[in-house]
Amino acid sequence: MRTRARTFRAAGAVLAASLVLAACGGGSDDDTSSSGDGGDTPSASGGDLLIWVGDGPGGDATTEIGKAFGEENGVNVKVEVLPGAELQANFVTAAQAGDPPDVVMGAHDWIGNLVQNGTIDPIQIPETVSSTIQPLAMEAVTFDGQTYGMPYTMNNIVLIRNTDLAPDAPATVEDMVAAGKKAVQSGKAEAPLAWPVSDTGNPYFINPLYTSGGGYMFGQGADGSFDPSDLGVGTPGSVTAYEKISALGEKGEGVLKRSVNTDNAIALFTDGKTPFLVEGPWQLTTIDDSKINYEVSPVPGFAGLKPASPFITVDAAYVASGGKNKTLAQEFVTNYWSRADIGAQLFEATKNVPANKDTLAQIEGDNPAVAAVSKAGAENGQIMPSIPQMAAVWDPLGKAEAAVIGGADPKSTIDSAAKAIQAAMKE
Amino acid sequence: MLLVKVVGLGFLAAVALFAALPLIRTDNWWGLAIVLAVTALAFYIYLSPRPVPLKYLLPGTLFLIVFQVLPVVYTVSTAFTNFSDGHRGTKEQAITAIEGASVKQVPDSTIYTLTLATDGDAATGDIVFLLADPTTQDSFVGTADGLEDLGDGSFEAASPGGKITAADDYTVLTVPEINARQDDITAFSVPTDDGAIKSQGLSAAFEGAPQQSYDEGCDCITDATTGNVWTADDSEGSFVSKDGTQRNLAQGWKVGVGFDNFARVFTNDTIRGSFLRIVVWNFAFAIATVAITFALGLLVAIALNNPLMRGRTIYRSLIILPYAMPGIAMYLVWREMFNKDFGLINRLLHTDLNWFGSTASSMFAILLIQLWLGYNYMFLVITGALQSIPSDLVEAAGVDGAKPFYAFRTITFPLLLVALAPLLITSFAFNFNNFSAIFLTSKGGPFPPDNPSAGSTDLLITYTYRLAFGGSGADYGFAAAVSVLIFLIVAAVSIVSFRRTQALEEIN
Amino acid sequence: MTTTTSDVPVATRGAEGDPPEVARLGSAKGGWFRRTGLSHLVGILALAFSIFPILFVVSASFNPTGTLSSSTLIPREFSLANYQDLFSGSFPRWFVNSLIIASISAAVSMLISACAAFAFSRFRFMGRRPGLIGLLLVQMFPQFLAIVALYLMFANITELWPSIGFNTAAGLIILYLGGALGVNTWLMKGFFDTIPKDLDESAKIDGATHFQVFFGIILPLVAPILAITGLLGFIGAINEFLIASVFLRQDDSKTAAVGLYGLIADPLTKNAQFGEFAAGAVVLAIPTVALFMYLQRYIVGGLTAGAVKG
């Protein structure tokens, strides 16, 4: 198998090169003779430290930070900014091709898949460093008893409230619905609230209500690891949760709608058309631009039921197993990327909650909204499961959510979703 | 003429040389053989007077083979494997990954402060670890033979028990030097009684030992702490729990599975239940898309082909605009325009329709978007094709007193079809697998509440995507198998239609 | 391009004021409506249909808080902030890269497919029909794994020949050339077939080589389809981002489509940057439209230009 794959690759590469004869590539010959393959490093084994990061504001900041690290240590650091949506798949493919970067930045729920593909190494974080990181963030990057990444930001969704339309933070969903409806009746708003659902659902955004009603994704062992054999979808708790959600849906209160999605929810809020928005801190810069007066509070749960838990996602830096510069990669990830001043630099660019405690303490005063996001996460947040089986949950559960909000029967819909998830996990 | 040939062949020789040099340097003799063979073939084709068609076909064909045919071959070969997340590499790679992932710090061991150094010259000397224990303030040198005390006074440290900055007999490495010796450092470890000391970054080292290790004798992995044993199953590409109490180890490897992936397609309940319905819609979608884009493109092309009309340049330039916009974004824009509560369409029509909420309206919306994105392409091609139709034929019909529409129907249209029939077939094939058209708009919806895996507007390709990539990671082997089946369906249909148009080709 | 239009029999008809009646609505006789009114009506309707979603994008590009949500067609406030953001970053560099890559790959693939179409149209040889059908079939294969296969291939290429590997325009261009034969060959062959064979036969009797027949006689006659395949190739390459985003990762090697796609790729935050994305899409459409306006005289001028202009 191995030799076949290799022959194929070699044959392809060779044929490809012979193709230059047919068309362009006039300058190619000169290029090779000048750039050669050695570069300016003394040996072929080292070379540049290569970092991959998803695009967005964090990408540019990482480029700066990488450059500074390189200058400090007298080595070349190259940061490549790739489309975030395909970064994980491209990283795994690159690792398979034997050509991965040394460091990759990504969400903590990639870890399960990256580990099963053997693409990242566990890292040993000294106590002096790990004690500066928020415990929940460290928990998120722990998988099968090993630490795989250095957390730098952590996010959870919150309730963002237009204080002109709704002065007080609601303690329960019921309070929020009442306040939202009042704002609509008084003619000041068009929609009681903007909670992203979309035609195919969004389990990430509905998780506070789902957990408040008694649902969960996967059971957790004593050590916090997720158990793929204990699926929460389809349990009585999940059905109760969806019955409560159904009551808020299109055939009930009409405050949860499939027509609201992540694309238009933010526009509704920044246009001042709704008092409540359920979103994450990544939208705060847009909201700041809109000049709306707002405050941030935890997403409320149902009155008298369990607390509403938003998912906590952590962005972390990982050391690639197949990287060519492991020593520098480990150094960068464990000792440099974790620094409080680096965290502050990243915060300036992304406005995401810093995972570093010192950074958080440093910026909290000037950024009350971010502090509120962090507090909401610390109170009731739960780590989004990072086991690979989670990939089987999102799609069926999302569709069940959309169907229930559209008026379908909660029990049978959730049961079908559970069946589909079980089938997908078995494959 | 001769000059062109000489320059062309000289260029060819230069490229062959460019391709060959790195192959020689890396001892890639197979690669070199292929380069030589292709070059020789090219020289033969362009020097010999005989194979005239090949002179024109060679360049395009070579590109086609490498960048289109080889990926197809790769896909087909993948269909017979379990290639998927967790089963991408070789067994050796899986074992390395399992052992590597299980390396844990030895209980109660210390994390040393590390200084990387060499015994001798920085570029060639053996790697050593200069280690300081921050708790006991002892200092050691770690070599491939083990740990030894560093004599007092033979080294300098930043602080007592701190990082060692210089030592007699050893050369402390700078970061660029470390970078240069990277491979040696990665391979290096200091053996200890309980495991080995490995470096972690530039200034830390820890004593670790793999918890899970592979034993060739039993072809199995044993966990040192729990005693669990996983045996290699070479038909599945996984380490399987020996006593059945544990899950398979996550890291597996790629193995051939014969026709298993194809069998799965035919035995899967959800596939069997929805397959026929999806195939019918898939054909309807592809045929309707071609038909409506062609019809509208034709109508507009003919209308704007009127030489008496002013401002045709402006009309044409603006009409092809949708084709110039990034397709992915326009799909998203359209999807939002169809939004029930906030979309432009409901606002303009004064309706309150959930467009992607019912099967019929979802199909209608998708086709309208397809029309918008596709008719400009047809318009463009038809406009060009109209120019190539010998107008004396049309005029002859006109002289005979035929009405314009009659002339169009009997002469222009059949001639257009000759030129465009293959294009219509390709357009059909493209739309048959038009993933974005569905995935970025309805996402396959609406979905019946009791079946989240097969939507009313799913194409085979979107449906397959969900099955293959919606589990615990991407299942490429399965996706490849379905690709092969989809290909067989489209190819069969296309060849039949191709045969039909053969008759048209003879007209000319 | 030296034209030999005057030699062409099909072009030698029609005096001034008697335009070729290839196919059009209305007739030269009759009232205004019959002559051009209907054409204008169809044109205006088609135009409206084409334009209105694009107006939305244009409007979002001028709106500092422009979003994907189509609740407003007229921006709440008008500003050039998105364009300023766009041009203060790497976009100008990406834009130039896009133009280079799209122009070269469009021109070369036009030439390659014209060569192939000439062979398929003018010669009868063993493997012609299977070759034609094969071309069509290759296009039909679902490309789920193409990226993986190409990645593995280019990882090796990068190692051996870095100048045509990842992060190089040359590498991406030769990769795009893999698709040169596909649809274009068929499209062109259809046009080549409509040119009477007597033309090249008589030229050959006069001693012309196949090479001269191809470049001297056939190519000038198929200017419309050359222009169209060139334009299609250009549009295809300038908007391509799936493969390009994997291949071009260094900031200075990226194309505009890759950079723009990055602005909306993240499902959570894409909306926040839609205004800037819209601005980029508008800017990126300009060269395409300009190219089309330039090529239009070849596309519709073609054979009949001489006659219409007198």
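The values are calculated or read from the model by the stated rules, or taken from the named source; none is laboratory data. The structure displayed is predicted, hence computed values, not measured ones. All Cβ positions, even for glycine, are placed from backbone atoms using ideal geometry, and neighbour counts span all protein chains on display.
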Response to the item:
Within region B:339-355, the residues that are at the interface with chain A (Cβ under 10 Å from one of its Cβ atoms) and either surrounded by 20 or more Cβ atoms within 10 Å (Cβ to Cβ) or farther than 22 Å from B:Phe447 by Cβ (or both) are B:Asn339, B:Lys340, B:Phe342, B:Gly343, B:Asn354, B:Trp355
Practice prompt. Report, by residue number, each residue of region B:1-36 that is more than 23 Å from C:Thr158 (Cβ to Cβ) and of a type in the set (D, E, K, R).
Written response: B:Lys5
Worksheet item: Out of region A:381-395, which residues are assigned to a helix (DSSP H, G or I) and either touching a residue at least 60 places away in the same chain (Cβ under 8 Å) or of a type in the set (Ser, Thr, Tyr) (or both)?
Response: A:Pro388, A:Gln389, A:Met390, A:Ala391, A:Val393, A:Trp394, A:Asp395
Worksheet item: Can you spot a residue in region B:11-30 that is in contact (Cβ under 8 Å) with a residue 12 or more places away in the chain and more than 14 Å from chain C (Cβ to nearest Cβ)?
Response: yes
Discussion item. Here is a list: A:Ser386, A:Ser412. Which entry is in contact with an Asp or Glu (Cβ under 6 Å, 6 or more places away or on another chain) and among the hydroxyl-bearing types (Ser, Thr, Tyr)?
Written reply: A:Ser386
Item to complete: Select from region B:444-460 the residues that are over 16 Å from A:Gly406 (Cβ atoms) and surrounded by fewer than 24 Cβ atoms within 10 Å (Cβ to Cβ) and list them in ascending order.
Response: B:Ala454, B:Leu460
Worksheet item: In the list B:Gly201, B:Gly142, B:Gly153, B:Gly162, which residue meets the criterion of being crowded, with 22+ Cβ neighbours inside 10 Å and either part of a strand (DSSP E or B) or more than 41 Å from the chain's Cα centre (by Cα) (or both)?
Response: B:Gly142
Practice prompt. Give region A:53-65 a look and list any residue that's buried (at least 19 other Cβ atoms within 10 Å of the Cβ) and free of Cβ contacts under 8 Å to residues at least 40 places away in the same chain, or say none.
Written response: A:Asp55, A:Gly59
Worksheet, complete the sentence: Only one of (1) within 26 Å of A:Ser338 (Cα to Cα); (2) crowded, with 23+ Cβ neighbours inside 10 Å; (3) not acidic (Asp, Glu) does not apply to B:Val190, and that is (1)
Item to complete: Being in a helix (DSSP H, G or I), at the interface with chain C (Cβ under 8 Å from one of its Cβ atoms) and either touching a His at 6+ places or on another chain (Cβ under 8 Å) or surrounded by fewer than 21 Cβ atoms within 10 Å (Cβ to Cβ) (or both) narrows it down to one of B:Ala429, B:Ala468, B:Ala421, so name that one.
Response: B:Ala421
Worksheet item: Does C:Leu172 qualify as being facing chain B (nearest Cβ under 7 Å) and not hydroxyl-bearing (Ser, Thr, Tyr)?
Response: no
Item to complete: Can you tell me which residue within region A:313-323, out of those that are buried (at least 23 other Cβ atoms within 10 Å of the Cβ) and of a type outside the set (Asp, Glu), is farthest from the other protein chains (Cβ to nearest Cβ)?
Response: A:Ala316
Worksheet item: Where in region B:204-281 are the strands (runs of 3 or more DSSP E), entirely inside, with at least 1 residues that are at the interface with another protein chain (Cβ under 10 Å from one of its Cβ atoms)?
Response: B:204-210
Practice prompt. May I ask you to verify whether A:Gln116 is of a type in the set (S, T, N, Q), within 12 Å of chain B (Cβ to nearest Cβ), in contact (Cβ under 8 Å) with a residue 40 or more places away in the chain and over 25 Å from A:Gly59 (Cα atoms)?
Written response: yes
Item to complete: Tell me, please, whether a residue that is free of Cβ contacts under 8 Å to residues at least 12 places away in the same chain and of a type in the set (Gly, Ala, Ser) can be found in region C:203-217.
Response: yes
Discussion item. Residues to consider are A:Phe8, A:Phe69; find the one that is at pLDDT 85 or above, assigned to a helix (DSSP H, G or I) and not hydroxyl-bearing (Ser, Thr, Tyr).
Written reply: A:Phe69
Practice prompt. Please work out if A:Leu305 is more than 30 Å from B:Ala97 (Cα to Cα), at pLDDT 95 or above and not small (Gly, Ala, Ser).
Written response: no
Worksheet entry | Complete set of residues in region B:275-314 that are hydroxyl-bearing (Ser, Thr, Tyr) and free of Cβ contacts under 8 Å to residues at least 40 places away in the same chain | B:Thr313
Discussion item. Could you tell me how many of the residues in region B:62-92 are at the interface with another protein chain (Cβ under 8 Å from one of its Cβ atoms) and closer than 25 Å to B:Asp215 by Cα?
Written reply: 5
Response to the item:
Picking from A:Gln345, A:Gln330, the residue that is in contact (Cβ under 8 Å) with a residue 12 or more places away in the chain, in a helix (DSSP H, G or I) and within 18 Å of A:Asn155 (Cα to Cα) would be A:Gln345
Worksheet entry | Matching residues, region A:350-367, being buried (at least 17 other Cβ atoms within 10 Å of the Cβ), in contact (Cβ under 8 Å) with a residue 60 or more places away in the chain and in a helix (DSSP H, G or I) | A:Thr350, A:Leu360
Fill in: Any chance A:Lys181 is part of a loop (DSSP other than H, G, I, E, B), farther than 19 Å from A:Ala391 by Cα and among the basic types (Lys, Arg)
no
Worksheet item: Within region A:72-90, restricting attention to residues that are within 11 Å of chain C (Cβ to nearest Cβ), touching a helix residue (DSSP H, G or I) at 6+ places or on another chain (Cβ under 8 Å) and part of a helix (DSSP H, G or I), which residue is farthest from A:Pro57 (Cα to Cα)?
Response: A:Asn90
Discussion item. Of the conditions (1) surrounded by 18 or more Cβ atoms within 10 Å (Cβ to Cβ); (2) more than 7 Å from every other protein chain (Cβ to nearest Cβ), B:Ala295 satisfies every one except a single condition; which number is it?
Written reply: (1)
Item to complete: Name every residue in region A:146-178 that is crowded, with 18+ Cβ neighbours inside 10 Å and assigned to a helix (DSSP H, G or I), in order of residue number.
Response: A:Val173, A:Met176, A:Val177
Worksheet item: Which of (1) hydrophobic (A, V, I, L, M, F, W, C); (2) surrounded by fewer than 19 Cβ atoms within 10 Å (Cβ to Cβ); (3) assigned to a loop (DSSP other than H, G, I, E, B) is the odd one out, the single condition C:Phe211 does not satisfy?
Response: (3)
Worksheet item: Only one residue in B:Val35, B:Val7 is farther than 20 Å from B:Gly477 by Cβ, hydrophobic (A, V, I, L, M, F, W, C), in a helix (DSSP H, G or I) and in contact with a helix residue (DSSP H, G or I) (Cβ under 6 Å, 6 or more places away or on another chain), so which one is that?
Response: B:Val35
